[in-house]
């Protein structure tokens with residue numbers, strides 16, 4: 001059996017723990033029904049006093065945990081503004097994770113659990129994703145990570161991450177397929193009614209840029225872009241008189257927000273276009289002009305690249321005033 005450890009972190013999201021356990025229990029039960037040995041030997045480790053979860057799982061203290069081959073870090077039960085606090089509350093797990101990884105274990109995080117995984121350093125130089133509303137904070141706080149906001153699942157050198165909410169199941173299915181077989185993964189996907197073909201999460205995202213920094217120069221630039229994004233102006237025209245060299249300003253801006261000024265303006269414009277597609281019946285050309293673009297072909301390409309859908313596909317999926 002494969003030693004699988006689920007980390008019962010402080011302030012973890014109960015639904016995340018439940019989903020993880022449900023999937024791997026279902027795999028073991030499927031094996032039993034086929035007259036085969038269960039695949040996973042599941043243990044939970046926690047930072048608090050040892051006890052029982054649902055009168056079924058004995059939660060071991062991290063100091064007493066057995067070695068693992070696969071470690072799963074659940075999402076945190078928090079909003080996206082206090083993830084640093086969640087890391088601080090769970091620092092004692094980090095040495096154990098690093099020790100296990102050094103011995104050959106693989107590590108996977110789900111949703112905002114990526115922040116604790118990031119704190120281990122194992123994501124440095126690797127691709128990673130998290131909940132769409134937390135990707136900017138991940139990039140800002142851990143600049144050595146190659147954050148992939150659009151990805152549902154990433155896997156890089158024995159380290160895995162997933163996006164938020166139902167994207168958890170896509171990583172779980174990926175792991176089931178790897179450690180069991182495609183056949184078992186399909187069986188579990190049918191059991192949980194999960195579409196295995198989703199490969200993007202960015203069309204669920206809302207651009208909520210970081211503003212909890214203390215750099216007035218950056219704050220001024222952010223305000224200008226948010227007020228003028230719908231004008232066909234370049235980034236230089238909008239912030240050209242900012243009293244700083246271009247190189248220094250870009251460095252400060254990226255440090256404060258996690259992205260460059262050009263990316264910020266682009267995402268602001270795309271967010272404006274998305275809102276028009278959701279809440280108006282403006283034509284695609286009107287949406288384009290009213291969100292700061294002036295070339296239809298370029299707009300369609302940028303929208304598809306940034307959102308994961310064409311403007312028409314996005315409207316068909318999310319428009320709230322469909323004609324009767």
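Residues to consider are 268, 310, 257; find the one that is under 20 Å from residue 149 (Cβ atoms), within 30 Å of the chain's Cα centre (by Cα) and either in the same structural domain as residue 146 (by TED's automatic domain parsing) or free of Cβ contacts under 8 Å to residues at least 40 places away in the same chain (or both).
Selected residue: 310, the only one of 268, 310, 257 that is under 20 Å from residue 149 (Cβ atoms), within 30 Å of the chain's Cα centre (by Cα) and either in the same structural domain as residue 146 (by TED's automatic domain parsing) or free of Cβ contacts under 8 Å to residues at least 40 places away in the same chain (or both).
Can you tell which of 263, 278, 237, 286 is under 22 Å from the mean Cα position of the chain (by Cα) and part of a helix (DSSP H, G or I)?
263
Can you say whether residue 302 is surrounded by fewer than 20 Cβ atoms within 10 Å (Cβ to Cβ), under 22 Å from the mean Cα position of the chain (by Cα) and assigned by TED's automatic domain parsing to the domain that holds residue 227, as far as the supplied structure shows?
yes
Among the numbered conditions (1) surrounded by fewer than 20 Cβ atoms within 10 Å (Cβ to Cβ); (2) touching a strand residue (DSSP E or B) at 6+ places or on another chain (Cβ under 9 Å); (3) without any contact (Cβ under 8 Å) to a residue 40 or more places away in the chain, tell me where residue 170 comes up short.
(1)
Among the listed residues 319, 290, 324, 281, which satisfies the condition of being over 25 Å from residue 219 (Cα atoms) and modelled with pLDDT of 90 or more?
Of 319, 290, 324, 281, the one residue that is over 25 Å from residue 219 (Cα atoms) and modelled with pLDDT of 90 or more is 281.
Can you tell me which residue among 70, 44 is crowded, with 18+ Cβ neighbours inside 10 Å, out of contact with any helix residue (DSSP H, G or I) (no Cβ under 6 Å at 6 or more places or on another chain) and at pLDDT 95 or above?
Every option except 70 fails the conditions.
The values are calculated or read from the model by the stated rules, or taken from the named source; none is laboratory data. Note that the structure is a prediction, hence the values are computed from the model and not measured. Note: ideal-geometry Cβ built from the backbone for every residue, glycine included; neighbour counts use all protein chains shown.
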